[in-house]
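Below: the structure, in structure tokens.
Quick note: the coordinates plus some simple rules give every number you see, no bench work behind them. Model, not experiment: these values are computed from the prediction. Neighbour counts are summed over all protein chains in view; Cβ atoms, including those assigned to glycine, are modelled from backbone coordinates with ideal geometry.
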């Protein structure tokens, strides 16, 4: 992501104290609040400090029109010729993801804009995640030869049916109402009420989740899905994305696209076919494995995948994807291998293989994610 236009004297993350409430603001609006090494470091610093002091409630939001557009892809691209140039920041980011999932104090994310990829890892695991009509969520990593990261092999694998497989492979977008319905956000609040909600939360000066919940509910609205919402296509999604391989998924999706009333499938299918074959295969396997893995196991696996992909263990696609879609922006990536059939499954096995103990992500095994159980209380679950 380009860096021009930002005053280098401005902190990338603002940390403010208001009574016993702390407010974190991602402060790179012209770069859509992408997550750089400095952002990771500052977030970790603030959260570690506040978890140990007298802080009662933590709010996090994004400056400008984005919450966070995800990781700083330029950083990865610039480090492509150094084997482990990004090792430290990747390690720190996965520790941050774990910390957010298992944080001991009440957190509220106020998401009034783009929340994608790694940026969404600062939204979904929170005790309370508030979204608006301006919220846009997606996990589009496989489209650039990467994988669904930052804990989303854990989260997506626990969504209803095969919705998570669909979101991970297609990079399909969800709006605020859909996020609440699917259980990845807790409340929908119209954007014009968000400032008042923030003021109300600060005035609580309380760490009682029930008190915080009651305050948010004063501003929130019930969710009613639009008729054409992707969440109303669950039966088709399950039928297609339950298949055993990416090739079979695409074939099943193509068959559904030919049926009357399924015009929504064509643009999604087109995007799916444009994605990196290697990225798609790695992503599907990661989501499927995630169904049987703990949070810690998913994060450790994702750390391995990230480092092996950046090391081009199977393919250089991630750098080609970043070049084509975010740097030169010719939107014409040349994938290698170029087809699903050419992607060697034995090579894919290599990116999942555990490292030696000194290179693994070391996080506790016993903590449970605060996200667990969020879906069961969602609108979507209750509607069956």
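Rounded if a/c is under 1.5, else prolate if a/b is larger than b/c, else oblate: which is the range 13-382, with a ≥ b ≥ c the root eigenvalues of its Cα gyration tensor? Don't skip to the answer; put the middle values down first.
Working: a/c = 1.75, a/b = 1.28, b/c = 1.37.
Here the range 13-382 falls in the oblate category.
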Worksheet item: Distance from the Cα centre of the range 287-346 to that of the range 119-186, in angstrom?
Response: 18 Å
Worksheet item: Taking the mean number of other Cβ atoms within 10 Å as a proxy for protection, how do you rank 176-184, 21-29 from highest to lowest?
Response: 176-184, 21-29
Worksheet item: Is the shape of the range 178-288 rounded, prolate or oblate, going by the alpha carbon gyration tensor and its root eigenvalues a ≥ b ≥ c, with a/c under 1.5 for rounded and a/b larger than b/c for prolate?
Response: prolate
Discussion item. Cβ neighbours within 10 Å, averaged per peptide: list 198-204, 160-166 in order, most packed at the top.
Written reply: 160-166, 198-204
Discussion item. Quick check: from the Cα gyration tensor, does the range 120-235 come out rounded (a/c under 1.5), prolate or oblate?
Written reply: prolate
Item to complete: Quote the Stokes-Einstein diffusion coefficient, in whole µm² s⁻¹, for the range 233-305, based on the Kirkwood radius over alpha carbon pairs, a temperature of 25 °C and a viscosity of 0.890 mPa s.
Response: 181 µm²/s
Worksheet, complete the sentence: Residue separation between residue 292 and residue 311 times 0.36 nm, minus their alpha-carbon distance, gives in nm 4.2 nm
Worksheet, complete the sentence: Kirkwood calc, the range 313-356, C-alpha pairs only, radius in angstrom 11.7 Å
Worksheet item: Based only on the alpha carbon positions, what is the Kirkwood hydrodynamic radius of the range 66-169, in angstrom?
Response: 14.6 Å
Worksheet item: Over what distance in Å are the Cα centres of the range 266-286 and the range 48-67 separated?
Response: 35 Å
Item to complete: Give me the compactness ratio for the range 18-90, meaning the Cα radius of gyration over 2.2 N^0.38 Å.
Response: 1.30
Fill in: Cβ crowding within 10 Å averaged over residues, with 60-72, 216-228, 245-257 ranked highest first
60-72, 245-257, 216-228
